[in-house]
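Working notes, structure below.
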Amino acid sequence: MVNMNNKRKIKNDVILAVIVIAIAATGLLLLNVFKTEGAFAVVKLDGKETERYPLSVNTEVVIETENDGKNTLVIEDGKAFIKDATCPDKICEGHSKISFKGETIVCLPHKVVIEIVADDSDKELDVVV
Amino acid sequence: MLFSYNIPCFLDMKRKSLSILLVIVLLASQLSLLSSCNTVKEKQKFSEYYFDYFDTVTTITGYTETEEEFKSICEEIKAELNEYHKLYNIYLRYDGMNNICVINDVTDGKHNVVKVDKKIIDLLLYSKKMYSLTDGKINVAMGSVLSIWHNYRNRGLSDPANAELPPIDKLEEAKKHTDFSKVEINKENNTVFLSDPEMTLDVGAIAKGYAVERIAEYLINKGITDFLLNVGGNVRTIGMGKDNKPWKVGIENPDTSKQEEIPHIEYLKMSDMSLVTSGCYQRFYEVNGKNYHHIIDPVTLYPGEKYLSVSVLTKDSGLGDALSTSLFLMDVEEGKKIVDSLENVEVMWVMPDGEQIYTDGFKNYTFEYIKEF
């Protein structure tokens, strides 16, 4: 009888452990689904987001803007910059590489903004001027 | 049936209820975690960009409960920006509106007496105040000189190989028509008349900051808070940023050659304050390998070369705009005298070698920023 009780206890413990682990695992899974990972370079054309590229992946992409404008966005070693642009002032091309949350590169003639965004964090800057 | 119900022992009863309690607590905590995004009205951050005003990019950032709320406030801000942009425009005319461009017009060899919106009168009266505060460094009657630079710069940008500097005698000739006392402002009748026919107004050094301050005032009067307006680097914060704490603002390194290692030279925490930076890196063109920027000294008629940038921290964005431009053209000592005559104005001067000089209270707003990820 004592033996039976013990067995039952062990069985119940196992069931409890499985339930606890299952709940915890579901929680973790849900958290991960709703979480955005790392930082991105967001491309905005005339204020509207068109693309976002993770800073963790090296990329080179040509952004086509209004009036047949082109800005070549490069992501390299976690930093984003404009390698080449057909705009007249080339201010975006001259801008240093950005990687801080809140930093932007603006091409006024082409109405392009590259902005660094990331998952919510206390360290985020609201604006860099 | 997960648990056996026929365990008579008291200890087992206790274990059982504890286990059930544990599961309930776990489930409850997860439920609250999941629903927190929906039920608790936490303010969220939104931002929008505009390209149509003051020849620069505008960013509006705000913390609101819903996106609809943010968008509707943005629409109001946009309408205000649009109006100030048109009224203070020196290059374009708009149907049915007497703006600054109309004041600058000449018919039969002279300017006309132009009846204008009170917003223009107020701007010009403020400009007059700034003219005397800055010992003439802010002079909106310098249009004749500034338009020469504007044209040479635009030509230089579209054809860099043939970029040229304006000849000094041409600038000196234009300077003869920059006497601010010839701007006749009649605030009873809301009229403006430029009694020198060769004179034109250029409000570029002041209009943007002044307009931003008026819009901030408009928002505050409507009880709107937790917004940040950034019109081409002219930053005005209203209320608080994330988590109801001050906004965090970085200042770019004006030495573009060193931006790789040091992207920002200072980080500020600010609420209900403005930050305006005048820098040699913002608008310029290149002639024979040298950059010529847009802040023109009314005495030398050439771009000021004393600093890489000057940042002004104060409540009023109009004052910040006028001060950052004028301090850029003065020695530190001379600038400090003006700043000391005012309240709650803090300044950072960045010397050509990168050295940073501050007024006493500037560091009260700075913080250490550690980049993460």
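Before moving on, here are some points about what is shown:
- Peptide A:105-114, shielding by other chains (average Cβ, 10 Å cutoff): 3
- Tensor-based shape of the protein assembly as shown (alpha-carbon gyration tensor, a/c under 1.5 rounded, otherwise prolate or oblate): prolate
- The charge dipole of the range A:39-118, taken about its Cα centre with unit charges on the Cβ of Lys, Arg, Asp and Glu (plus for the first two, minus for the last two), comes to roughly 200 debye.
- Peptide A:95-101 has a mean of 5 when you count, residue by residue, the C-beta atoms of other protein chains within 10 Å of its C-beta.
- Folded to 0 to 90 degrees: helix B:118-133 orientation relative to chain B principal axis, Cα: 80
- Distance violations [Cα-Cα > 29 Å] among B:LYS86/B:LYS290; B:LYS119/B:LYS182; A:LYS48/B:LYS86; A:LYS70/B:LYS306; A:LYS101/B:LYS258; B:LYS128/B:LYS306: B:LYS86/B:LYS290; A:LYS70/B:LYS306
- Leading residue at positive end of dipole, chain A (Cβ point charges), from A:ASN67, A:ASN12, A:CYS107: A:ASN12
- Cβ-Cβ FRET estimate between B:GLN356 and B:TYR94, R0 fixed at 56 Å, reported to 0.05: 0.85
- This model, with +1 at the C-beta of Lys and Arg and -1 at the C-beta of Asp and Glu, gives chain B a dipole about its Cα centre of some 1180 debye.
- The range B:189-260 shape via C-alpha gyration tensor axes, a/c threshold 1.5: oblate
- When chain B is treated as a Gaussian network with alpha carbon springs shorter than 10 Å, the biggest mean-square fluctuation among B:ILE168, B:ILE251, B:ILE295 belongs to B:ILE168.
- Potential extension, B:LEU165-B:GLU184 segment - 0.36 nm per residue separation minus Cα distance: 3.6 nm
- Considering only B:ALA163, B:ASN99, B:PHE328, and ranking their Cα positions along the charge dipole of the range B:44-365 that arises from unit charges at the beta-carbon of Lys, Arg, Asp and Glu, the one farthest toward the positive end is B:ASN99.
- Among B:ALA161, B:ALA216, B:ALA205, the largest mean-square fluctuation in a Gaussian network model of chain B (Cα springs under 10 Å) belongs to B:ALA161.
- Counting every pair of alpha carbons in chain A, the share spaced more than 18 Å apart comes to 62 percent.
- Chain A, relative contact order [Cα under 8 Å, separation at least 6], %: 21
- Anisotropy class assigned to the range B:44-365 is oblate, per the alpha carbon gyration tensor with a/c at or over the 1.5 cut-off and a/b no larger than b/c.
- Average partner coverage of B:256-265, which counts Cβ from other chains inside 10 Å: 3
- A DSSP coil position with no more than 11 other Cβ atoms inside 10 Å describes the following GluC sites (Glu not before Pro) in the range B:297-351: B:GLU343.
- About the Cα centre, charge dipole magnitude for the range B:271-330 (Lys/Arg +1, Asp/Glu -1 at Cβ), debye: 120
- The B:GLU217 and A:THR26 beta-carbon pair, evaluated with R₀ = 51 Å, returns a calculated FRET efficiency of approximately 0.50.
- Farthest toward the positive end of the dipole of the range A:39-118, out of A:TYR53, A:PHE81, A:ILE98, is the Cα of A:ILE98, where the dipole comes from beta carbon charges about the Cα centre.
- Inter-label distance for B:LEU26 and A:ASP77, nm, one decimal - labels placed 7 Å from Cα along Cα-to-Cβ: 4.7
- Taking B:ARG93, B:ARG214, B:ARG236 in turn, the Gaussian network model of chain B (Cα-Cα springs below 10 Å) assigns the largest fluctuation to B:ARG93.
Values quoted throughout were computed directly from the atomic coordinates according to the rules given, and no laboratory measurement underlies them. All values reported here derive from a predicted model rather than from experimental measurement. Every residue, glycine as well, gets a Cβ built from its backbone with ideal geometry; the counts of neighbours run over all protein chains shown.
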